[in-house]
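Visitor: Here it is: the structure, laid out below.
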Amino acid sequence: MASKTTDPEAEPPKPWEQQPGEGDKAYAALCAYYEQGVRRSYRRVGEELGKSRALVERWGAAHDWVERVRAWTARDVELERAEFAEERRAAARADGEVLAALVGKVRSALAELDPADLTPDQLTRMTDIVLKHRRALYGPVDQAPVTVTGTVGNMPVAVEVERFDRLPGPAQAVELEELAARVLRVRQALAA
């Protein structure tokens, strides 16, 4: 039970705390009422505590149980929401670390990969997987262009794909196939 306060300068008790003039039994009944959840009732509190329904109703009316429980529930929901948001942020940070490590591994593997050994479908699939996981973690790219850079032979290549994220799946596949074809054409031109 929360301690009762008689200090006039003290902050008033929160709705879920024992109120001035509220006896220990009445406060215990409020707690039982709250813990019953959405199916709470004065009748059930009386049965649970061995008190008459009339007494529980008087306590409830005298100490504004309905409003206090509403405030108490709202506070608990907000606490749960804040806790879940922090857990979600921590999970996103951990996922970001995993994604960064995997991207590093993929980047290393790609440096060893000969683009001539890739089909356009393989390049499309690899790009789609990376972008899908990046969007899942960081959200969609709204206005910023996506720039893909690298080298083909000794020639640096940079391709900017405007609003790639907004394209429907089939249009993304076409764009990626065209990008793969351009890379292969540049590679062939360099080889000639």
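Visitor: Using the per-residue mean of other Cβ atoms lying within 10 Å as a proxy for protection, in what order, highest first, do the peptides 177-188, 89-100 fall?
Guide: Averaged packing, sorted descending, gives the order 177-188, 89-100.
Visitor: Using the beta-carbon distance between Val186 and Arg93 and R0 = 41 Å, what value does 1/(1 + (r/R0)^6) give for FRET efficiency, to the nearest 0.05?
Guide: Efficiency for this residue pair is about 0.60.
Visitor: Give the carbon-plus-sulfur fraction of the accessible surface of the stretch 49-146 in %, rounded to a whole number; probe 1.4 Å, heavy atoms of protein chains only.
Guide: With neighbouring chains kept in place, the figure for the stretch 49-146 is 59 percent.
Visitor: Still on this structure, I have one more. Would you list, by chain and number, the aspartates and glutamates whose Cα falls below 20 Å from the Cα of Lys132, excluding same-chain residues fewer than 8 positions away?
Guide: Straight-distance partners of Lys132: Asp95, Glu97, Asp121, Asp142, Glu160, Glu162, Asp165, Glu175, Glu177, Glu178.
Visitor: Same structure, new question: In nm, give the distance between the simple-model label positions of Leu137 and Ala61, each being 7 Å from the Cα along the Cα-to-Cβ direction.
Guide: 6.1 nm
Visitor: For the stretch 1-105, what does the alpha-carbon gyration tensor say about shape, rounded, prolate or oblate, given a ≥ b ≥ c as the root eigenvalues, a/c under 1.5 as rounded, and a/b over b/c as prolate?
Guide: Prolate is the answer for the stretch 1-105, as a/c is 1.5 or above and a/b outweighs b/c.
Visitor: By how many nm would the segment from Glu83 to Arg70 lengthen if fully extended, with 0.36 nm per residue of separation less the alpha-carbon distance?
Guide: 2.7 nm
Visitor: Another one. I'm a student and want to see the number: the projected area of the Cα convex hull of the stretch 45-91, averaged over all directions, in nm².
Guide: 4.2 nm²
Visitor: Continuing with the same structure: Leaving ligands, DNA and RNA out of it, work out the accessible area of Leu190 with a 1.4 Å probe and give it in Å² to the nearest 10.
Guide: Solvent-accessible area, nearest 10 Å²: 90 Å².
Visitor: Considering only protein heavy atoms, what per residue accessible area in square angstrom results for the stretch 46-142 with a 1.4 angstrom probe?
Guide: With the other protein chains kept in place, the stretch 46-142 gives 72 Å² per residue.
Visitor: Pop out the Kirkwood hydrodynamic radius of the stretch 69-146 from its pairwise C-alpha distances, inverse of mean 1/r, in Å to one decimal.
Guide: 15.8 Å
The values are calculated or read from the model by the stated rules, or taken from the named source; none is laboratory data. Keep in mind that what you see is a predicted model, and the values were worked out from it rather than measured. Because the Cβ atoms are built from the backbone with ideal geometry, glycine has one as well, and the counts that use them run over all protein chains shown. All accessible areas refer to the heavy atoms of the entire protein, side chains included, with ligands and DNA or RNA removed. Shrake-Rupley method; radii C 1.70, N 1.55, O 1.52, S 1.80 Å.
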